[in-house]
Amino acid sequence: MSESTIDAHTTEFGYFDDQQKEYVITTPFTPTPWINYLGNDGFYGLISNTAGGYSFYQDPKFRRLTRYRYNSVPVDTSGRYFYLKCDDHIWSASGRPVQQQPEKYECRHGMGYSRFLVSHQEIDSELTCFVPLGEKAEVHRLILKNSGERHRKISLFSYIEWCLWNAEDDGSNFQRNLSTGEVEVEDGVIYHKTEFRERRNHYAFYSVNQPISGFDTDRECFLGPYRGVENPVSVEQGKATNSHAHGWSPIASHHLEVELAPGEERTLVFVLGYCEVAKENKWQSPGIINKAPAREMINRYKSQYDVQKALTALATHWDTLLGNFRLNSPDPKLNRSLNIWNQYQNMVTFNLSRSASFYESGIGRGMGFRDSNQDTIGFAHMVPEKVRERILDLSATQKSDGSAYHQYQPLTKKGNANIGGNFNDDPMWMVLSTVNYIKETGDFSILDEKVGFDGDVSEEPNHFEHLRRAFEHVVNNLGPHGLPLIGRADWNDCLNLNCFSEDPNESYQTTQRGKSDVAESLMIAGQFVLYGQDFVQLCIQLGKRDLAHNAQQQVDKMREAVLAHGWDGQWFLRAYNAKGEKIGSHENKEGKIFIESQGFCVMAGIGIKDGKARQALDSVEQRLATPHGIMLNQPAFSTYDKHLGEISSYPPGYKENAGIFCHNNPWIMVAEAMLGRGEKALEYFASISPAYLQHMQQQHKTEPYVYSQMIAGNDAATPGQAKNSWLTGTAAWCYYAATQYILGIKPDYAGLIITPSIPAHWPSFVVSRRFRKAHYCIEVNNPYGLGAGKVQLEIDGKAVAGNLIDYAQFSGEHHITATIVQS
Ligand code: GLC
Ligand code: GLC
């Protein structure tokens, strides 16, 4: 069966077109705006299924190009809009914001582009928005076609609204901002140059490759007083006003008259670009900006052929990236997830961390230390160079005591002082990212890179030393039971055991009262054993025997501490609070069991021998699992408790308070797969993975092609309803769990290890995977219906002992068969 024929079922909102690697949306009125991301390399755009959203360069807070109105009604207002007026009909080339619905509408979200196909009044339009590779611009290609028998005259208006660069200031400092806006118009190109006169050496522009008959740059003139983007007065009148913005709200709108004979087609190319100029070269003449870089950029997309070339290059780029890993399994939905959308989402989360989505305003957060380190595990097989750079950027924000700034700004690459540190799980995530990177690439040289602490370049130890201090930071911060102190919070930002907040205006994350030398975390304990072992292995690889030995002792001590003080009888405790009392114990009235410590302790291998691991996972299944995924804790907290912090602030069933916080579900998948229970692991995968949720899109609400951060749990009024799509660690972790633990294709220092843990009823599956210098076609057979066990390997027809494909022996293409046999 070919992939595109499976599950071709169209819902009321759309369907997958796997051949094109697209999700096709068939109505503008999806339950929430269903979005896509444009851009790969610094210039990014968020684009909804009606072309709403915004663009920025590098930093969504400090370099915002266009404005977006979060929290506005109607939702999803502002974007790249094209208005068409023909005879007395007015409609949008993307289905909105004009209220009049076109006769036909379709949005195709693909890999790095979104395409809108609209037909109305015998005029077809095809709008394709994308960011060409390596370009600091969004290109909007609009093809108009007269599909009727009459000669037609179309009045076309483009529209974007400029943001005055600093998005936070733009939305608050009106007393200043309503006076600073400045534009220039030259040769039909609209330049946005607010604050260029002072300290900015950059501007933006919006161009079109054909003569215009008018323009507007002042929002009020274009829309008309007290009107919105759904019915601009200029469009209604079929005429631009040639307005010049002086302060207020600058926009860019081109007006073009397009005449089309029957059957005739016209292609227009719009470029929304960002230019930086050298300080000494800013001005062309007094008050007139240097437009040379803009002209060059515009020139690169002069013709429709240039644009086609750039689109083809983008498609090839994605084919190559996705070609590094390809699965053909008996489960078509798993194939679809892993081959296309999961990897694509990995790229987006890697690029944007948690900064800009339709749920993250782009002004609140930079690149999270723990989040970004985790994101790399979904991406290292695709673009290892970028992962290397990211890890070193993160490393540079580590402090000399091994702790880390919780976030950094992508523009400055400096740790974010407002948020600070003391999230005690942060440091060890860098061991995960680094080890995973080295295992993928074999590149140990990353460890020798000189990196200063906290941006300080006077003392430059190497990256390895940063890992060592991360490890030491845990050892140096142990509590009364020998377990790691939690600090402000561990992975669960909302379990704030040292905050005691009673003031609604203070942040749970940054407030810390009293001493924090009592509250301990079992999640960090498990994390330390898991990545501590990785650190030990790394030391051994490097021939650092003493260090390995000492580290091993610390890891062993921690394992013992977990067994002595972290086992509650049927599952692992979650924490000890600031009074030394148990959290996540059967003794508690609420929050008796939490998911994080079960996931991390079992992944660390604790209790595997004596059955505790199995028991912990069985408790997860009995107490936390639902058809929509695994809840974070049970029972939910019914009232606010200042000794627990933000977790108890959420209504039961939402977010960290007994919601299905998808990010941690794959930890349980990994754990289940490790115990050889691949079927259960895949069942958990299917419960939160969008490709499996097509039958419940209205209930689920968010995009049916990407993971969401949270799905409401059983205690909620709306179980199964998702929120916060796109920017979530769920993407990288689900990909990691499925590929490395369920399918069991696991990069290691010496090569690829094959250790599948699949459903017993799968007869076989095939993975095609690039790894270092070779490309392997790996066929895993399960003739005895075991699903897991020992593996017999054949490489190019020759039997090989063990389950390792030794990388040193191979380059080029190779065929592997792995047969699962009784162990
Ligand atoms: C959010 C944060 C992440 C945190 C999680 C749990 O997803 O980005 O850092 O671990 O919430 O609180
Ligand atoms: C809130 C959210 C949590 C997120 C944190 C980031 O606490 O519930 O998911 O990680 O904010 O600051």
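The values are calculated or read from the model by the stated rules, or taken from the named source; none is laboratory data. For clarity, every value in this text was computed on a predicted model and none was experimentally measured. Cβ placement follows ideal geometry from the backbone for every residue including glycine, while neighbour counts extend to all protein chains displayed. Side chains included, ligands, DNA and RNA excluded: accessible areas come from the protein's heavy atoms. Shrake-Rupley method; radii C 1.70, N 1.55, O 1.52, S 1.80 Å.
Conditions (1) more than 16 Å from ligand 2 (Cβ to nearest atom); (2) within 16 Å of ALA551 (Cα to Cα); (3) crowded, with 22+ Cβ neighbours inside 10 Å, marked per residue:
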| position | (1), (2), (3) |
| --- | --- |
| ASP425 | no, no, yes |
| THR434 | yes, no, yes |
| LYS450 | yes, no, no |
| SER458 | yes, no, no |
| VAL475 | yes, yes, no |
| CYS494 | no, no, no |
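Test of understanding: among SER687, SER638, SER619, SER649, which residue is touching a Cys at 6+ places or on another chain (Cβ under 9 Å) and either open to solvent by 20 Å² or more (accessible area, probe 1.4 Å) or not aliphatic (A, V, I, L, M) (or both)? Walk me through how you get there before you give the answer.
Details: SER687 fails: touching a Cys at 6+ places or on another chain (Cβ under 9 Å); SER638 fails: touching a Cys at 6+ places or on another chain (Cβ under 9 Å); SER619 fails: touching a Cys at 6+ places or on another chain (Cβ under 9 Å).
Answer to the selection: SER649.
Only one of these is assigned to a strand (DSSP E or B), open to solvent by 10 Å² or more (accessible area, probe 1.4 Å) and within 25 Å of GLY14 (Cα to Cα): LYS85, LYS145. Name it.
LYS145
If we keep just the residues of the range 477-490 that are surrounded by fewer than 24 Cβ atoms within 10 Å (Cβ to Cβ) and part of a loop (DSSP other than H, G, I, E, B), which is nearest to ligand 1 (Cβ to nearest atom)?
Among residues in the range 477-490 that are surrounded by fewer than 24 Cβ atoms within 10 Å (Cβ to Cβ) and part of a loop (DSSP other than H, G, I, E, B), the one nearest to ligand 1 (Cβ to nearest atom) is ASN477.
List the strands (runs of 3 or more DSSP E) that sit entirely inside the range 166-272 and contain at least 3 residues that are open to solvent by less than 30 Å² (accessible area, probe 1.4 Å). Show your work before the answer.
Working: elements: 183-186, 189-192, 202-208, 214-218, 250-260.
Answer list for the range 166-272: 189-192, 202-208, 214-218, 250-260.
Determine, yes or no, whether ASN324 is away from ligand 2 (no atom under 14 Å from the Cβ) and touching a Cys at 6+ places or on another chain (Cβ under 8 Å). Spell out the reasoning first.
Working: away from ligand 2 (no atom under 14 Å from the Cβ): yes; touching a Cys at 6+ places or on another chain (Cβ under 8 Å): no.
Criteria not met by ASN324.
Checking the structure you have, find out if any residue of the range 508-521 is within 16 Å of ligand 2 (Cβ to nearest atom), at pLDDT 95 or above, outside any loop (DSSP other than H, G, I, E, B) and within 22 Å of SER433 (Cβ to Cβ).
yes
Conditions tested, residue by residue: (1) on the phi > 0 side of the Ramachandran plot; (2) more than 16 Å from ligand 1 (Cβ to nearest atom); (3) β-branched (Val, Ile, Thr).
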| site | (1), (2), (3) |
| --- | --- |
| CYS494 | no, no, no |
| CYS499 | no, no, no |
| GLU506 | no, yes, no |
| SER521 | no, no, no |
| ILE524 | no, no, yes |
| GLN527 | no, no, no |
| ASP534 | no, yes, no |
| ILE540 | no, yes, yes |
| ARG545 | no, yes, no |
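Can you run down the residue pairs with Cβ atoms below 6 Å, 6 or more apart or on separate chains, where the first is in the range 8-20 and at pLDDT 95 or above and the partner is surrounded by fewer than 13 Cβ atoms within 10 Å (Cβ to Cβ)?
Taking only residues 6 or more apart or on different chains, not a single pair turns up.
Can you go through GLN398, GLN409 and tell me which one is closer than 16 Å to PHE369 by Cβ, more than 14 Å from ligand 1 (Cβ to nearest atom) and open to solvent by 20 Å² or more (accessible area, probe 1.4 Å)? Working first, answer last.
Numbers: GLN398 fails: open to solvent by 20 Å² or more (accessible area, probe 1.4 Å).
Within the list GLN398, GLN409, the selection yields GLN409.
If you take the residues of the range 336-359 that are aliphatic (A, V, I, L, M) and away from ligand 2 (no atom under 16 Å from the Cβ), which of them is nearest to the chain's Cα centre (by Cα)?
Kept after step one, since they are aliphatic (A, V, I, L, M), are these residues of the range 336-359: 338, 340, 347-348, 352, 356.
Next, from what is left, pick out any that are away from ligand 2 (no atom under 16 Å from the Cβ): 338, 340, 347-348.
Details: LEU338: 15, ILE340: 14, MET347: 7, VAL348: 4 Å.
Out of the qualifying residues, it is VAL348.
Given the criterion within 16 Å of ligand 2 (Cβ to nearest atom) and free of Cβ contacts under 8 Å to residues at least 60 places away in the same chain, identify the matching residue among GLY366, GLY362, GLY415. Give the steps one after another, and end with the answer.
Working: GLY366 fails: free of Cβ contacts under 8 Å to residues at least 60 places away in the same chain; GLY362 fails: free of Cβ contacts under 8 Å to residues at least 60 places away in the same chain.
Just one listed residue meets the conditions, GLY415.
Do we have any residue at all in the range 722-731 that's in contact with a Pro (Cβ under 8 Å, 6 or more places away or on another chain), closer than 30 Å to PHE358 by Cβ and in contact (Cβ under 8 Å) with a residue 40 or more places away in the chain? Let's see the steps before the verdict.
Residues of the range 722-731 that are in contact with a Pro (Cβ under 8 Å, 6 or more places away or on another chain), as a first pass: 730.
From what is left, the residues that are closer than 30 Å to PHE358 by Cβ are 730.
Subsequent filtering for residues that are in contact (Cβ under 8 Å) with a residue 40 or more places away in the chain retains 730.
Looking for residues that are in contact with a Pro (Cβ under 8 Å, 6 or more places away or on another chain), closer than 30 Å to PHE358 by Cβ and in contact (Cβ under 8 Å) with a residue 40 or more places away in the chain, one finds at least one in the range 722-731, hence yes.
Hey, could you check the range 618-657 for residues that are more than 24 Å from CYS601 (Cβ to Cβ), touching a residue at least 24 places away in the same chain (Cβ under 8 Å) and in a loop (DSSP other than H, G, I, E, B) and say which is farthest from ligand 2 (Cβ to nearest atom)?
Within the range 618-657, the subset more than 24 Å from CYS601 (Cβ to Cβ) is 627-628, 638-642, 649-654.
Retained after the next criterion (residues that are touching a residue at least 24 places away in the same chain (Cβ under 8 Å)): 627-628, 638, 642, 649-654.
Those left that are additionally in a loop (DSSP other than H, G, I, E, B): 627-628, 638, 642, 650-653.
Details: PRO627: 23, HIS628: 18, SER638: 18, LYS642: 15, TYR650: 7, PRO651: 12, PRO652: 14, GLY653: 14 Å.
Only one residue fits best here, namely PRO627.
Residues being closer than 13 Å to SER207 by Cβ and part of a helix (DSSP H, G or I): count how many of those fall in the range 276-303.
Residues meeting the conditions: 8.
Picking from MET669, MET631, which residue would you name as being of a type in the set (A, V, I, L, M, F, W, C), within 15 Å of ligand 1 (Cβ to nearest atom) and crowded, with 24+ Cβ neighbours inside 10 Å?
Details: MET669 fails: within 15 Å of ligand 1 (Cβ to nearest atom).
When all the criteria are applied, what remains is MET631.
Just wondering, is there one or more residues in the range 340-353 that are within 11 Å of ligand 1 (Cβ to nearest atom), under 14 Å from TYR408 (Cβ atoms) and in contact (Cβ under 8 Å) with a residue 60 or more places away in the chain? Full working, then the answer.
The initial filter retains those residues of the range 340-353 that are within 11 Å of ligand 1 (Cβ to nearest atom), namely 349, 353.
Narrowing the set further to residues that are under 14 Å from TYR408 (Cβ atoms) leaves 353.
Subsequent filtering for residues that are in contact (Cβ under 8 Å) with a residue 60 or more places away in the chain retains 353.
Yes, there is a match, as at least one residue in the range 340-353 is within 11 Å of ligand 1 (Cβ to nearest atom), under 14 Å from TYR408 (Cβ atoms) and in contact (Cβ under 8 Å) with a residue 60 or more places away in the chain.
Would the range 567-575 turn up any residue that is in a strand (DSSP E or B), more than 16 Å from ligand 1 (Cβ to nearest atom) and either buried (at least 24 other Cβ atoms within 10 Å of the Cβ) or modelled with pLDDT under 95 (or both)?
Residues of the range 567-575 in a strand (DSSP E or B): 567, 572, 575.
Applying the additional criterion that residues be more than 16 Å from ligand 1 (Cβ to nearest atom) yields 567, 572.
Now drop any that are not either buried (at least 24 other Cβ atoms within 10 Å of the Cβ) or modelled with pLDDT under 95 (or both), which leaves 572.
There is at least one residue in the range 567-575 that is in a strand (DSSP E or B), more than 16 Å from ligand 1 (Cβ to nearest atom) and either buried (at least 24 other Cβ atoms within 10 Å of the Cβ) or modelled with pLDDT under 95 (or both).
Residues SER507, SER516: which one is within 27 Å of the chain's Cα centre (by Cα) and open to solvent by 30 Å² or more (accessible area, probe 1.4 Å)? Step through it out loud before you land on a result.
Values: SER516 fails: within 27 Å of the chain's Cα centre (by Cα).
None of the other options fit; the residue is SER507.
Quick one: which of GLY134, GLY79, GLY112 is within 23 Å of the chain's Cα centre (by Cα), modelled with pLDDT of 95 or more and surrounded by fewer than 22 Cβ atoms within 10 Å (Cβ to Cβ)?
The conditions single out GLY134.
Would you check which residues across the range 353-366 are in contact with a strand residue (DSSP E or B) (Cβ under 8 Å, 6 or more places away or on another chain), among the aliphatic types (A, V, I, L, M) and surrounded by fewer than 24 Cβ atoms within 10 Å (Cβ to Cβ) and list them?
none
Considering the range 43-63 alone, what residues qualify as being over 23 Å from TYR707 (Cα atoms) and open to solvent by 10 Å² or more (accessible area, probe 1.4 Å)?
Result: TYR57, GLN58, LYS61, PHE62, ARG63.
Please go through the range 369-395 and pick out each residue that is within 15 Å of TRP429 (Cβ to Cβ), among the charged types (D, E, K, R), away from ligand 2 (no atom under 13 Å from the Cβ) and open to solvent by 10 Å² or more (accessible area, probe 1.4 Å).
ARG390, ASP393
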